[in-house]
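Below is one structure, written out as structure tokens; comments come after it.
The values are calculated or read from the model by the stated rules, or taken from the named source; none is laboratory data. Not measured: the values here are computed from a predicted model. Cβ: placed from backbone, ideal geometry, glycine included. Neighbour counts: every protein chain shown. Accessible surface areas use protein heavy atoms only, side chains included; no ligands, DNA or RNA. Shrake-Rupley method; radii C 1.70, N 1.55, O 1.52, S 1.80 Å.
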Amino acid sequence: NQIKGKSMTAYFTENKMRRMNIKGNGQSIFIVTDEETKDKIGLNYTECTDLILYFKDNKLDIVNYEIKPNSITTPYEDVKEKDRYLKGFLWRGAEQPKNKAAIFSE
């Protein structure tokens, strides 16, 4: 699951992410799963101007696609490796903050 946009702002309450606003050239890729069996059904790719993500219990709960969303869902067995990532995706795991203090370091 990936999200991309020009500007991303996250909002926290009691150290838990509650909402994230993505402004400008919003893009997302989500794996669609069967709620009962948890089997992977497909891969959904959506483009829109802005997105708003809502979180519950530290998990993504609701996604609102704002202003002209365009969405395509591909059956999971038909998804090609190159289509599993947003254009320009680069995993930078080594740069992830290891603790809260690392977020505010200079």
Are any residues in region 19-51 without any contact (Cβ under 8 Å) to a residue 12 or more places away in the chain and either open to solvent by 70 Å² or more (accessible area, probe 1.4 Å) or outside any strand (DSSP E or B) (or both), and if so, which ones?
D34, E35, E36, T37, K38, D39
Test K16 against the stated conditions and say whether it is out of contact with any His (no Cβ under 8 Å at 6 or more places or on another chain), surrounded by 16 or more Cβ atoms within 10 Å (Cβ to Cβ) and basic (K, R).
no
Would you check if there is a residue in region 54-77 being farther than 22 Å from T9 by Cα, loosely packed, with under 15 Cβ neighbours inside 10 Å and either among the basic types (K, R) or free of Cβ contacts under 8 Å to residues at least 24 places away in the same chain (or both)?
yes
Cβ-Cβ under 9 Å pairs, at least 6 apart or on other chains, region 86-106 side aliphatic (A, V, I, L, M), far side surrounded by 10 or more Cβ atoms within 10 Å (Cβ to Cβ) and not in a helix (DSSP H, G or I):
L86/Q2; L86/I3; L86/K4; L86/Q27; L86/S28; L86/I29; L86/Y45; I103/P97
Residue, nearest to the chain's Cα centre (by Cα), within region 3-13, restricted to residues that are open to solvent by less than 80 Å² (accessible area, probe 1.4 Å) and within 21 Å of F89 (Cβ to Cβ)
I3
